[in-house]
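Asker: This structure is in structure tokens; I'll ask about it shortly.
The values are calculated or read from the model by the stated rules, or taken from the named source; none is laboratory data. Because the structure is a prediction, the values reported are computed rather than measured. FYI the Cβ positions are ideal-geometry reconstructions off the backbone, even for glycines, and counts take in every protein chain you see.
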Amino acid sequence: MSDSNPQEGKAPQPAEQRPSAAARLATVDELELAIDQLVGGGDGLGRFDGIPIFVARSAPGDRLRVRLVERRPDYARAEIVEILEPGAGRREPPCPYFAECGGCDLQHLDDALQTRLKAEALKETLHRIGRFETLPKIRVRAAQPWSYRLRTQLHTEASEDGVRIGYHARGSNRLVPVDRCPVLVPELEGQLLTLAARLPEKPPRRLDLAAGDGGAVTTAPVVEGLPHGPVETRVGDLVYTYDARCFFQGHRGLLSALVEETVGAFEGELAYDLYSGAGLFSLPLARRYSRVVAVEADRVAVRYAKNNARRNRIANVEAVSQAVERWVGRIESGADRVVVDPPRTGLSLEVRRALTTKRPRRVTYVSCHGAALARDLRAMREHYRLDSLTVLDLFPQTGHLETVAQLERI
């Protein structure tokens with residue numbers, strides 16, 4: 001019997017007859033994969049014959065055995081079966097619920113490494129989606145990585161054993177009951193131990209909690225026996241009131257830094273604060289501009305913005321309760337400044353069009369979603385120059401960052 005390779009002597013299969021990488025991947029359930037980088041949102045990225053494979057809770061430098069859980073024509077997703085070789089900076093997650101809970105993505109990475117990798121992922125997103133060949137040097141600001149979060153949204157479930165509270169599992173509506181959460185400020189985390197016992201037999205499906213200064217906590221919707229109503233937080237020398245129903249930025253240790261990076265040292269006559277919430281940026285803007293118009297769809301937040309202006313003796317802020325997309329055409333041409341802090345979806349076509357036609361002298365874009373930011377900056381690049389970029393790690397242990405982009409009219 002010959003020991004020769006049965007394929008020896010045969011002509012190589014023509015390239016057009018060889019299965020494509022996607023076809024080869026379709027025959028595979030598990031494979032070994034090296035993780036090359038972290039991408040926006042916190043997943044690790046490896047490649048199979050050039051096809052991107054995204055793996056949750058992996059780390060750059062990991063060598064893994066993974067199981068494919070989703071196949072698409074141009075990418076796939078996988079879950080970790082075994083860590084064959086850990087990447088540098090990988091650690092044991094401190095939270096006992098990390099494996100199941102969908103709230104955090106990156107507890108398996110050292111804290112400083114998380115921030116650096118997220119900033120690198122943002123830069124890659126701006127190059128790839130925004131088509132920026134060069135970028136200004138990115139400034140990075142971070143603070144405490146644990147016990148920082150001022151807000152949380154809990155889910156509830158009534159069972160035979162009583163009410164359970166927790167967070168949804170990753171990519172699922174399945175409840176993961178928790179009695180602790182180390183990213184929350186202590187006064188919120190302390191609520192988790194007793195909250196379920198204080199809820200009625202038929203609890204609200206969702207419960208929002210927010211913390212203020214001095215250990216104050218508020219909840220929404222109103223449930224008998226739970227604290228509700230306004231709380232207050234001091235940012236610099238300004239005092240803000242809000243409650244659990246309206247949006248307020250969530251990292252206690254970076255509120256002042258976020259305001260500082262957003263407002264900056266610019267001055268003028270007229271500034272607009274779009275998606276203004278309870279006035280976090282509107283009030284300090286009013287100290288640098290003769291007139292500030294703050295626009296917000298949430299009526300509760302607008303009411304707090306007006307109260308916050310009065311409480312801080314600021315009389316030159318006009319708070320408007322209307323959807324930004326419906327109102328934005330009223331921006332005066334050539335205004336000095338527009339600050340936008342949109343939801344994760346970014347700016348609508350109507351808002352981008354208004355900015356590029358009304359041409360304010362400076363636009364400040366505060367973003368919590370790098371891909372949406374990159375898309376919008378690309379759409380405005382013929383009209384605005386990207387002057388500076390600052391990333392603030394407002395969401396440690398997750399794949400998210402806050403970015404402040406300062407744009408100057410060309």
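Asker: Condition first: without any contact (Cβ under 8 Å) to a residue 12 or more places away in the chain, of a type in the set (A, V, I, L, M), in a helix (DSSP H, G or I) and more than 25 Å from residue 289 (Cβ to Cβ). Can you find one or more residues in segment 373-384 that meet it?
Answerer: No, there is no match, as no residue in segment 373-384 is without any contact (Cβ under 8 Å) to a residue 12 or more places away in the chain, of a type in the set (A, V, I, L, M), in a helix (DSSP H, G or I) and more than 25 Å from residue 289 (Cβ to Cβ).
Asker: With respect to residue 129, determine if the residue is among the β-branched types (Val, Ile, Thr) and outside the structural domain of residue 386 (by TED's automatic domain parsing). Full working, then the answer.
Answerer: Values: among the β-branched types (Val, Ile, Thr): yes; outside the structural domain of residue 386 (by TED's automatic domain parsing): no.
The answer is no for residue 129.
Asker: Follow-up question, since we're still on this one. Can you find even one residue in segment 172-180 that is in contact (Cβ under 8 Å) with a residue 60 or more places away in the chain, surrounded by 16 or more Cβ atoms within 10 Å (Cβ to Cβ) and outside the structural domain of residue 300 (by TED's automatic domain parsing)? Full working, then the answer.
Answerer: First pass over segment 172-180, keeping only residues in contact (Cβ under 8 Å) with a residue 60 or more places away in the chain: 172, 176, 178, 180.
Pick out the ones that are also surrounded by 16 or more Cβ atoms within 10 Å (Cβ to Cβ) and you get 176, 178.
Next, from what is left, pick out any that are outside the structural domain of residue 300 (by TED's automatic domain parsing): 176, 178.
There is at least one residue in segment 172-180 that is in contact (Cβ under 8 Å) with a residue 60 or more places away in the chain, surrounded by 16 or more Cβ atoms within 10 Å (Cβ to Cβ) and outside the structural domain of residue 300 (by TED's automatic domain parsing).
Asker: What is the number of the single condition among (1) out of contact with any Pro (no Cβ under 6 Å at 6 or more places or on another chain); (2) in a strand (DSSP E or B) that residue 389 does not meet?
Answerer: Failed condition: (1).
Asker: Let me ask another. Looking only at residues in segment 321-375 that are among the hydroxyl-bearing types (Ser, Thr, Tyr) and surrounded by fewer than 21 Cβ atoms within 10 Å (Cβ to Cβ), which one is nearest to residue 281 (Cα to Cα)?
Answerer: Among those residues, the one meeting the criterion is 321.
Residue-wise test of (1) of a type in the set (Lys, Arg); (2) under 27 Å from residue 370 (Cα atoms); (3) in contact with a strand residue (DSSP E or B) (Cβ under 9 Å, 6 or more places away or on another chain).
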| residue | (1), (2), (3) |
| --- | --- |
| 276 | no, yes, yes |
| 279 | no, yes, yes |
| 282 | no, yes, yes |
| 291 | yes, no, yes |
| 294 | no, yes, yes |
| 309 | no, no, yes |
| 318 | no, no, yes |
| 329 | no, yes, no |
| 342 | no, yes, yes |
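Asker: Here is a further query. Only one of these conditions is not met by residue 299: (1) over 30 Å from residue 337 (Cα atoms); (2) of a type in the set (Lys, Arg); (3) touching a strand residue (DSSP E or B) at 6+ places or on another chain (Cβ under 6 Å). Which number is it?
Answerer: With respect to (1) over 30 Å from residue 337 (Cα atoms); (2) of a type in the set (Lys, Arg); (3) touching a strand residue (DSSP E or B) at 6+ places or on another chain (Cβ under 6 Å), residue 299 is out only on (1).
Asker: Of everything in segment 68-79 that's surrounded by 15 or more Cβ atoms within 10 Å (Cβ to Cβ), out of contact with any Phe, Trp or Tyr (no Cβ under 8 Å at 6 or more places or on another chain) and at pLDDT 95 or above, which residue is farthest from residue 21 (Cα to Cα)?
Answerer: 79
Asker: Do any strands (runs of 3 or more DSSP E) lying entirely in segment 262-339 carry at least 1 residues that are closer than 21 Å to residue 242 by Cα, more than 28 Å from the chain's Cα centre (by Cα) and at pLDDT 95 or above, and which ones are they?
Answerer: 317-321
Asker: Evaluate segment 244-262: report whether one residue or more is in contact with a Gly (Cβ under 6 Å, 6 or more places away or on another chain), surrounded by 22 or more Cβ atoms within 10 Å (Cβ to Cβ) and under 24 Å from residue 361 (Cα atoms).
Answerer: Step one: of segment 244-262, the residues in contact with a Gly (Cβ under 6 Å, 6 or more places away or on another chain) are 247, 256.
Now drop any that are not surrounded by 22 or more Cβ atoms within 10 Å (Cβ to Cβ), which leaves none.
No: segment 244-262 contains no residue that is in contact with a Gly (Cβ under 6 Å, 6 or more places away or on another chain), surrounded by 22 or more Cβ atoms within 10 Å (Cβ to Cβ) and under 24 Å from residue 361 (Cα atoms).
Asker: In segment 51-60, which residue that is small (Gly, Ala, Ser) and touching an Asp or Glu at 6+ places or on another chain (Cβ under 8 Å) is surrounded by the fewest Cβ atoms within 10 Å (Cβ to Cβ)?
Answerer: From segment 51-60, those small (Gly, Ala, Ser) are 56, 58-59; that's our starting set.
Narrowing the set further to residues that are touching an Asp or Glu at 6+ places or on another chain (Cβ under 8 Å) leaves 56, 58.
Values: 56: 18, 58: 29.
Result: 56.
Asker: Can you report the number of residues in segment 101-111 which are more than 14 Å from residue 395 (Cβ to Cβ) and touching a residue at least 24 places away in the same chain (Cβ under 8 Å)? I'd like the intermediate steps shown before the answer.
Answerer: First pass over segment 101-111, keeping only residues more than 14 Å from residue 395 (Cβ to Cβ): 101, 108, 110.
Okay, now just the ones that are also touching a residue at least 24 places away in the same chain (Cβ under 8 Å), so 101, 108.
Residues that pass the stated criteria total 2.
Asker: How about segment 340-363: which of its residues are touching a Lys or Arg at 6+ places or on another chain (Cβ under 7 Å) and within 24 Å of residue 246 (Cβ to Cβ)? Quick ask: steps written out before the conclusion?
Answerer: To start, the set of residues in segment 340-363 that are touching a Lys or Arg at 6+ places or on another chain (Cβ under 7 Å) comprises 346, 359-362.
Answer for segment 340-363, where residues must be touching a Lys or Arg at 6+ places or on another chain (Cβ under 7 Å) and within 24 Å of residue 246 (Cβ to Cβ): just 346.
Asker: Can you run down the residue pairs with Cβ atoms below 9 Å, 6 or more apart or on separate chains, where the first is in segment 133-157 and at positive phi and the partner is assigned to a strand (DSSP E or B)?
Answerer: So the pair list comes out as 147/184.
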